[in-house]
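Coordinate-derived values only; no laboratory data. Not measured: the values here are computed from a predicted model. Note: ideal-geometry Cβ built from the backbone for every residue, glycine included; neighbour counts use all protein chains shown.
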Amino acid sequence: MFYTVNMKTIKELHKDDKPREKLVKKGVEALKNDELLSVLIGSGIQGKDVRKLSKEIVGILDESFESLSLEKLLKIHGLGLAKASQILSAIELAKRYTSQSNKKITSAEDVYNELKSFSTKQQEYFLVMTLDGASHIINTRTVFIGTLNQSLVHPREVFADAIADRAAGIIVAHNHPSGTLAASRADIQVTQRLDEVSKLVGIELLDHVILAKDGFYSFTEEGLL
C-alpha cells in the first residue's frame, strides 16, 4: 500500500483559514506570524503543508532572529534554497527599514554618516531625506542623477514624497564627484529655490549637505539656511 502525502498550498486551505483572504478582509496587522510567512512562501513542502512549515520557521525566528542565516534556515527539513532566500531577504529588508526609521538626525555630520556611500560616486546624486517632528528619518530617496541645476531639480519632485510622508522637515544632499567641499553657484540657487518653496508648503528645509570623499559642506552650518 502507498500513502499519499497531503501537502497543502494556500489555495487548498479552507476559505476562513487562508491568510491572503484574511489579509484582504482584516488587514495585514490581523495576521499571526506564521500566517505572514504562509503568504510569503505560498506553499508547503513534501510532508509539510504551508501552515506547518510556517510554524516551524517561526520557531527558528523566535530562537535566533538577530543571528538568522541562510544556513540555519536550510537546516529545516525540506526547505530549499529558493524559499529560504525569500524569507531571509524579506527579513533583511524589514530590518533595514526599521533601522532607518529609528535613526535621529541632529547635525550635518549625522547626515554625512548616513549618506557617506554616495560621497565616492562618479555621478552626482541628489537625495532627499524626510524627517518627522522628532528628527527621525522617515525615508531617503534619490530624486535626480546628473549635473545639478535649477531646471533639473524641480521642487515638485523634492516635496511630493515629503508631503506623502507627512514629513515635518527635509534635508537635501548631493555629492561632488570632484571632491570639492564648497557650494557652487548652481548649488546655492537650487537651495534658495527649495527654501522658498518649503515655506509655501510648510515643510522646513533643514539643511543642504554636500558630500565628498574627505568630508561635507553644510549650508546650515555656513549660515546659508
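Some points to look at:
- The structure-derived value of log10 I(q)/I(0) by the Debye sum over Cα atoms at q = 0.10, 0.15, 0.18 Å⁻¹ appears in the list (i) -0.41, -0.99, -1.50; (ii) -0.55, -0.87, -1.10; (iii) -0.64, -0.93, -1.13 under the label (iii).
- Rounded to the nearest 500, the 222 nm mean residue ellipticity of the chain from helices alone is -13000 deg cm²/dmol, with -39,500 (n - 2.57) taken per DSSP H run of at least 4 residues.
- For the set Lys25/Lys72; Lys72/Lys103; Lys72/Lys95; Lys72/Lys116, the pairs lying more than 26 angstrom apart at their alpha carbons are Lys25/Lys72; Lys72/Lys103; Lys72/Lys116.
- Packing rank of 50-61, 65-76, 208-219, 26-37, where each peptide gets the mean count of other beta carbons within 10 Å, highest leading: 208-219, 50-61, 26-37, 65-76
- For region 108-218, relative contact order (Cα pairs under 8 Å, six or more residues apart, normalised by length) works out to 33 percent.
- Proximal aspartates and glutamates relative to Lys22, as straight alpha-carbon distance under 16 Å, when same-chain residues fewer than 8 apart are discounted: Glu12, Asp34, Glu35
- Contour minus Cα-Cα distance for Val201 and Lys32 (0.36 nm per residue): 56.8 nm
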